[in-house]
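FYI, it's all coordinate maths here, none of it is from the lab. Predicted model only: the values in this text are computed from it and were never measured. Glycine also receives a Cβ, built like all others from the backbone with ideal geometry; neighbour counts cover every protein chain displayed.
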């Protein structure tokens, strides 16, 4: 029987036994035996040249059959091992269960025995998943990115890609990574969130939500600022929900993550260079093109380079109600970053003119942060109030003041609103949004 596949040997194909959801201890009394067999089979597979997909299943069957010769295992046990190996080789490898866990928002593989995940905003080490060696990690990365038309090897040691479900993958291997291959996956949230979800989590107050809804509907130009993983894209998606059904909306992203419910939405996505180093389409290219598409709104997933100039130009030339995000630690820093990105265009524009350009374009800056306890909060909503001594001035409308840290590590603080009518209130009132007047009284 050693030369037969599992299908021939047991007359039932193991992968059809539906054992993928059965816990290990329900099948194997000896967990060390399961790990020993898994390691042994995968080690053999990654050391060899695995054939093409159409021959892969038989190859795995034969390898499992050969390795398990001499072990007294039931059909169910063998079927469970087959599922494990199939995930390791044909699926997303050991991280398959992590990708299927909706509570996990990010997966970080630092080395074969060092896998971290983010749950509820906190990063913790996962003790259930490991790789055999560095080669196993690289083989898994190759397996994930190959169907996407991407590759990773010594000649191309870095890859940035979007998975089929919208999750974002970044991988970097030696010689660029001295530690060994490193894999990071930011999972795509399949559940669309709403402003009510943010309210339930205490990310903002009801009055802040009312103000932001009015600001979007009144077509104020809004910048969402925050650090990595702070929830900028989620907030952008939620604010986009306030856009009108009768508006023509164009979204521009590196990786399409925005899910707008409106009917008249045109989604544009950048394209990387091909193997010949040609065919790249950048955010800037798409912003420029969108201006010729008769947009009512332009939503840019993230501004990070020369496209900042084109975005400001759109905001200054009648395309009101544009919304975008950028990486910054606070509202003032976001203005400085915008200025720097515009100056990257190497045009003969004085700094004073650039600042005037930004001051005329931006109405509101919304700062969102991930606090030390992992919770996300909108810590500031500021308005661009003018120029003073050649610098752009900001006035805070809402804020979150940190009071301290509790004994369990939770951040303590309170939201506040400045009891004065912001300058943008006049713009809101002119467009019929006077129902938020009570907020500032």
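Things to note:
- Scoring 94-100, 151-157 by mean Cβ neighbours within 10 Å over their residues and listing the highest first yields 94-100, 151-157.
- Per-residue Cβ neighbour rank within 10 angstrom, fewest leading, 325, 393: 393, 325
- Gain upon complete extension [residue 228, residue 329; 0.36 nm per residue less C-alpha separation]: 35.4 nm
- Highest mean packing comes first when the peptides 333-344, 194-205 are listed by Cβ atoms within 10 Å, giving 333-344, 194-205.
- Candidates 280, 257, 307: whichever shows maximal mean-square fluctuation once the chain is modelled as a Gaussian network with Cα springs under 10 Å: 280
- Its relative contact order, with pairs defined as Cα atoms under 8 Å and 6+ residues apart, puts the stretch 282-397 at 19 percent.
- The stretch 387-438: C-alpha gyration tensor shape, a/c 1.5 cut-off, then a/b vs b/c: oblate
- Helix axis angle, 53-68 relative to the chain longest principal axis, alpha carbon, degrees: 50
- Annotation for residue 103 and residue 360: the two label points, set 7 Å from Cα along the Cα-Cβ direction, are 5.3 nm apart.
- Top of 346, 217, 63 by mean-square fluctuation, Gaussian network on the chain, Cα under 10 Å: 346
- On the beta carbon distance between residue 151 and residue 119, with R0 = 35 Å, the FRET formula returns roughly 0.65.
- Computed from Cα positions, the angle between helix 307-316 and the longest principal axis of the chain comes to roughly 40 degrees.
- Full extension of the chain segment joining residue 431 with residue 345 gains 27.5 nm, where the gain is 0.36 nm per residue of separation less the Cα-Cα distance.
- Among 438, 310, a tally of other beta-carbon atoms within 10 Å of each Cβ gives an order, fewest to most, of 438, 310.
- Relative packing of peptides 373-385, 286-298 - highest average C-beta neighbours within 10 Å first: 373-385, 286-298
- Rel. contact order, % - alpha carbon contacts under 8 angstrom, at least six apart, the chain: 11
- Using R0 = 56 Å, the C-beta based FRET efficiency linking residue 292 and residue 43 works out to 0.50.
- Efficiency of FRET between residue 32 and residue 59 - r from beta-carbon atoms, R0 35 angstrom, step 0.05: 0.85
- MRE, 222 nm, helices only [DSSP H, n ≥ 4, -39500 (n - 2.57), over the chain, to nearest 500]: -10000 deg cm²/dmol
- Annotation for residue 272 and residue 352: the two label points, set 7 Å from Cα along the Cα-Cβ direction, are 4.5 nm apart.
- Angle between the chain longest axis and helix 331-343 axis [Cα atoms, degrees, rounded to 10]: 90
- Centroid-to-centroid, using Cα positions, the stretch 397-441 and the stretch 148-222 are 27 Å apart.
- When both bridge partners sit in the chain, DSSP labels roughly 70% of those beta bridges antiparallel.
- Working from label points 7 Å from Cα in the Cα-to-Cβ sense, the residue 387 to residue 420 distance is 2.1 nm.
- Measuring nothing but alpha carbons in the chain and taking Rh as the Kirkwood radius, the Rg to Rh ratio lands at 1.06.
- For the stretch 195-440: rounded, prolate or oblate by the Cα gyration tensor [a/c cutoff 1.5]: rounded
- Distance from the stretch 60-116 to the stretch 257-330 (C-alpha centre basis), Å: 40
- Across the stretch 94-186, the relative contact order, built from alpha-carbon pairs under 8 Å that are at least six residues apart, equals 26 percent.
- Shown for 347, 311: other C-beta atoms within 10 Å of each C-beta, ranked fewest to most, produce the order 347, 311.
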